[in-house]
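I have placed the structure first, in the form of structure tokens, so that the comments after it can refer back to it.
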Amino acid sequence: MNTQYKLKKVIIGVLDDKYYLYEELGVGASCIAYLASPINDEYKKFAVKVIINENVRHNPFSCFEREIKALSQLSDNNNEASKNIIYMENYKSNAILKLFNSSQDKSQEKHNDMSENIYQEDPHDEHQEEVLETVDYICLGLAEKGELFDYLKYYSKGFTEDIARFLFTQILNGVNYCHQIGFVHRDLKLDNILFDSNWIIKISDFGLSATKMGSNNDYCHSSIVGTNSYMAPEIAIGSKLLKLGRESRIKYYGEPADVFSLGVILFIMVVGIPPFLTAVKTNDHSSFNYLVNKDHKNFWKEYEKNDKTLDLSDEFKSLIVLMLSVNPFERPSIAKIFDHTWMKLSTPPKKVVDQELNDREIIIKIAKKLESEKIKKQKEMEEQEVLDKTLLKRKRKTVIVFENPYFNLPDEVKELVKNKKKT
């Protein structure tokens, strides 16, 4: 049972007459993720992705359909190899989503009064409005500790190499399992690597995944997908051509592309910043140009001169330049990564890693709270500014409409107005 989500939760909706929805966990281009529980077991919590966009719902090649296809084969609680993959409970199309639009103040008041219980909106409350929509949904395991991205962004410092190795081993296990089952992820990044309540890595978001054989069974892919700063160069060049309005007919292999993304992830985990903005050669002295020219000495010098405390092992540098090879055929397979010298070095006990993550989690909570307060204050200031401008505009209109005519009246009429006010 996860106590983090056990208490003080307001039910904001019902999905498919089977699940209570408690709060939004995130919003995407075509979906909303909610914290949810079965109606008959409110203490069992999971995440549910709800697809509302009609174009996405009826598209057989949509991210939703891709994710279902991948996770239907990857989710297996009886297989130890799948433990680093987010688990899919179930999914359904054409379900009814009922959201409650009751008063926020009323909900908050009841929420604050319930110190030990979950508060449920009354479906028969006459003051409560309901919004009904037909949706598709997918139920996923809950990653309570959030994204690996946050543990680097808010702490502003990478992990030590031994802790990074401990965590990266789990990431490799998950990706290796995907490849063995026959899928490539194609959007591996820190945001899609999650922690469960026991600090176990869970790889998520398979919406851009594909079978590694490709549509023509030749292991080649042509879709330009992924996130720019993690894209392999053979994909990034296609993305650049499209932005320039030119036709892009790229072909790439899924597994080496995933390995490149893993190289970017490992680099950030240790160094604390991305190795480059995008893996495309430029005319300036960008760090990626050093990789293109295989000038590895200057590639590392670029980061070490900016951070004098950076003390990277030769083994780490060796693995990174292999994984970030511009030529996909020079990148190591996952099996060869496991076999690399750096991967065979010692790792700390799990309790040491857990303590490091716990310490960072405290910083994250404080930083996010301050961030939220800053955004709230900024919003209030903007609203006040709009209000001040509106009042000033009204005041000016008042002067024009009422004050000017009065001062233009004859004195005897002014006297009559004054006397009338007194009475």
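What to note about this one:
- Distances between every pair of Cα atoms in region 259-384, grouped in 5 Å steps from 0 to the bin holding the largest one, split as 2, 9, 14, 17, 15, 12, 10, 9, 6, 3, 2, 0, 0 percent.
- Counting every alpha-carbon pair across region 169-213, the share separated by more than 11 Å comes to 66%.
- Ordering His285, His340, His185 from the fewest to the most neighbouring beta carbons within 10 Å gives His285, His340, His185.
- Once backbone amide H atoms are built at 1.01 Å from N, Gly13 has Leu21, Phe100 as its partners under 5 Å, excluding neighbours fewer than 5 places away on the same chain.
- Residue-span extension gain [Thr160 to Glu130] - 0.36 nm each, minus C-alpha spacing: 5.7 nm
- With 0.36 nm allotted per residue and the present C-alpha distance subtracted, the Ala81-Asn101 stretch has 2.9 nm of extension available.
- Cα gyration tensor category, rounded, prolate or oblate, for region 144-375 with a/c compared to 1.5: rounded
- Set Lys153/Lys369; Lys308/Lys369; Lys9/Lys157; Lys294/Lys317 screened for pairs whose C-alpha atoms are more than 22 Å apart: Lys308/Lys369; Lys9/Lys157
- The residues Leu391, Leu194, when put in order of fewest to most other Cβ atoms within 10 Å, stand as Leu391, Leu194.
- The residues packed around Phe299, meaning those with a beta-carbon under 13 Å from its beta-carbon, carry a net charge of +2 if Lys and Arg are +1 and Asp and Glu are -1.
- Across region 339-351, computed HN-Hα scalar couplings (Karplus, 6.51 cos²θ - 1.76 cosθ + 1.60, θ = phi - 60°) run 7, 5, 3, 4, 5, 8, 6, 5, 10, x, x, 4, 5 Hz from first to last residue, x flagging Gly and Pro.
- Burial ordering of Glu67, Glu382, fewest other beta-carbon atoms within 10 Å first: Glu382, Glu67
- Whole-Hz ³J(HN,Hα) from phi, Karplus 6.51 cos²θ - 1.76 cosθ + 1.60, for region 221-226, glycine and proline x: 10, 10, 5, 8, 10, x
- Using only side-chain charges placed at the Cβ, +1 for Lys and Arg and -1 for Asp and Glu, the dipole size of region 221-346 relative to its Cα centre rounds to 340 debye.
- Charges were assigned to the Cβ only: +1 to each Lys and Arg, -1 to each Asp and Glu. The resulting dipole of region 158-311 about its Cα centre is roughly 460 debye.
- Separation of region 317-363 and region 140-163, taken as the distance between their Cα centroids, equals 14 angstrom.
Quick note: the coordinates plus some simple rules give every number you see, no bench work behind them. Note that this is a predicted model, so its numbers are computed, not measured. Note: ideal-geometry Cβ built from the backbone for every residue, glycine included; neighbour counts use all protein chains shown.
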